[in-house]
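Structure, as structure tokens:
Please treat every number below as a calculation from the coordinates, not as lab data. Keep in mind it's a predicted model, so treat the numbers as computed, not measured. When we count neighbours, we look across all protein chains shown, and the Cβ atoms used for this are built from the backbone with ideal geometry, even at glycine.
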Amino acid sequence: MSRLLSIEPLTKEAFAPFGSVIETEPTAMRFINGGNTERYHALARVDVAGEGSAVIINIFRGQPRIFPYAVTMMERHPLGSQSFSPLSDRPWLVVVAADEGGQPGRPRVFLASGRQGVNYGRNVWHHPLMSIGAASEFIVVDREGPGNNLEEFFYEESFLIPDPLKGQTP
């Protein structure tokens, strides 16, 4: 089996097993404030577990990755979902994997536009933030509270992501 990963377009259907895509969608739009504002309602749900848990809003500034990039690890958050919404109109990569017996399987790589965010479902394996081309800021909504909300897994062999800015998808 090849260790080279292909980059897929980020769509709601393809990403559904891992969480939600956050983007303006006409079916979610309603007018508010006397018709002056478009509200894109309930694009994702925050899921947190554990006594003393709270939902927090953060800004993360991700430095660009260097490609080709070797995926050597994945992480997941068993006590809460985690959403990433870009503040700049710059594409970025979303790397996720299905759970296979308590560890991540083969990663899938999605190319998100600078107008798409994601909400990783609780306990979904994903790679840490992956900016491409330049440093990028994201609003991140996740869980704060007691308990271990981070699990990391390191692959025995890495997977390789080609440079998405050069169109080198296998």
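Table for the structure above
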| quantity | calculated |
| --- | --- |
| Rounded to whole Hz, the Karplus (6.51, -1.76, 1.60) HN-Hα couplings of the stretch 88-100, x for glycine and proline | 10, 8, 10, x, 8, 9, 10, 10, 9, 8, 6, 6, 10 |
| Relative intensity, log₁₀ I(q)/I(0), of the stretch 1-120 from a Debye sum that treats every alpha carbon as a point, q = 0.11, 0.15, 0.22 Å⁻¹ | -0.46, -0.83, -1.51 |
| The stretch 13-79: C-alpha gyration tensor shape, a/c 1.5 cut-off, then a/b vs b/c | prolate |
| Phi-based couplings in Hz for the stretch 75-80 (Karplus 6.51, -1.76, 1.60; Gly and Pro marked x) | 9, 8, 10, x, 10, x |
| Anisotropy class of the stretch 85-132 from Cα gyration tensor, a/c 1.5 cut | prolate |
| Spin-label pair Ala134/Glu25, simplified geometry with 7 Å Cα→Cβ offset, distance in nm | 3.0 nm |
| Amide hydrogen neighbours beyond the local backbone of Val124, cut-off 5 Å, H modeled | His77 |
| The chain - mean residue ellipticity at 222 nm from DSSP helices (-39,500 (n - 2.57) per run, n ≥ 4, rounded to 500) | -500 deg cm²/dmol |
| Residues with amide H under 5 Å from that of Glu8, placed H, sequence gap 5 or more | Val109, Phe110, Leu111 |
| Ser53-Arg106 FRET efficiency (beta carbon distance; Förster radius 35 Å; 0.05 resolution) | 0.65 |
| Computed lengthening from Arg3 to Asn148, 0.36 nm per intervening residue step minus Cα-Cα distance | 49.1 nm |
| For the stretch 54-110, the Rg and Dmax computed from alpha carbons only, in angstrom | 13.5, 37 |
| Ordering of 100-112, 120-132 by burial proxy (mean other Cβ atoms within 10 Å per residue, highest first) | 120-132, 100-112 |
